[in-house]
Amino acid sequence: MTEADCIFCRIAAGTAPADELYRDEAIIAFRDLHPQAPVHVLVVPREHIPSLLDLEPRHAEIVGRLHLVARSLAERLAVADRGYRTVFNCGNEAGQSVWHIHLHLLAGRPMGWPPWPATGG
Ligand code: 5GP
Ligand code: ZN
């Protein structure tokens, strides 16, 4: 997967459509195409970082900023007080399907914990 065919790089570059809620020089946020909750937003660094396993010390600030943007969006979308969940999926067993890191912001319904029943192991 190169940046040219990465869907989130294309959304960041403006060459693929998205229901965008936030953009600055380093981060974009847009609604998930297949929402799993009434509010389901992806908060994404514009830099192509394939997985959390690719994080380097220089990324510490951007990872923190993703959470600050998520909080600000939760406030703007009026779900901060009732509660919201943020999730990074890392790797196949965690369900990562887009290899450009993204923070899921989920809200607007009660969230179970654990997130789904264990199926063994
Ligand atoms: P992951 O499974 O990697 O943690 O999450 C990827 C998310 O990206 C999924 O929730 C999926 O619905 C969403 N997604 C995949 N392709 C697109 C797209 O082209 N546009 C938008 N807005 N969301 C997408
Ligand atoms: Zn990318």
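Around Thr86, with a cut-off of 14 angstrom between Cβ atoms, what is the net charge of the other residues, counting Lys and Arg +1 and Asp and Glu -1?
Values: positive: Arg65, Arg71, Arg85; negative: Asp32, Glu75.
Taking every Cβ under 14 Å from that of Thr86, the sum is +1.
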Exercise. With the chain treated as a Gaussian network of Cα nodes joined by springs under 10 Å, which of Glu56, Glu20, Glu47 yields the largest mean-square fluctuation?
Worked result: Glu56
Seminar exercise, completed: Result for the chain, cysteines with no Cys Cβ partner under 4.7 Å, is Cys90
Seminar exercise, completed: So, with points 7 Å from each Cα along the Cβ direction, the Ala60-Glu47 label distance in nm works out to 1.3
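How much of the calculated P(r) for segment 70-121 lies past 17 Å, in percent of all Cα pairs? Could you put the intermediate results ahead of the total?
On the way: 627 of 1326 pairs.
Cα-Cα pairs in segment 70-121 separated by more than 17 Å: 47 percent.
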Exercise. Can you tell which of Ala94, Leu21, Val39 lies farthest toward the positive end of the dipole of segment 3-106, using +1 and -1 charges on the Cβ of basic and acidic side chains (Lys, Arg; Asp, Glu)?
Worked result: Val39
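Ordering Leu33, Leu42, Leu55 by how much accessible area each has at a 1.4 Å probe, largest first, what is the list?
Details: Leu33 145, Leu42 10, Leu55 65 Å².
Descending order: Leu33, Leu55, Leu42.
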Seminar exercise, completed: Candidates Arg82, Arg58, Arg23; GNM for the chain (alpha-carbon contacts under 10 Å) flags as most fluctuating Arg58
Exercise. Between Glu75 and Thr2, what FRET efficiency follows from the Cβ-Cβ distance if R0 is 30 Å, with the result rounded to 0.05?
Worked result: 0.25
Exercise. Efficiency by 1/(1 + (r/R0)^6): what FRET value for Ala26 and Val98, r their Cβ-Cβ distance, R0 = 22 Å, to the nearest 0.05?
Worked result: 0.75
For this session: Choose one answer from Ala94, Ala70, Ala26: the residue with the largest mean-square fluctuation in a GNM of the chain with alpha-carbon springs under 10 Å.
Result: Ala94
Exercise. Size of segment 33-111 along its principal axes in angstrom, Cα-based, largest extent first?
Worked result: 33, 26, 18
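What does the charge add up to near Tyr22, with Lys and Arg as +1, Asp and Glu as -1, over the other residues with Cβ less than 13 Å from its Cβ? Intermediate values should be presented prior to the final figure.
Details: positive: Arg23, Arg31, Arg46, Arg65, Arg71, Arg76; negative: Asp19, Glu20, Asp24, Glu25, Glu75.
The answer is +1.
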Problem set entry | Residue among Ser72, Thr2, Phe30 farthest towards the positive dipole end of segment 1-111, charges placed on Cβ | Ser72
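The values are calculated or read from the model by the stated rules, or taken from the named source; none is laboratory data. Since the model is a prediction, treat every value here as computed from it, not as a measurement. Virtual Cβ from ideal backbone geometry, glycine too; neighbours counted across all protein chains shown. Protein only, heavy atoms only, side chains kept; ligands, DNA and RNA dropped before computing areas. Shrake-Rupley method; radii C 1.70, N 1.55, O 1.52, S 1.80 Å.
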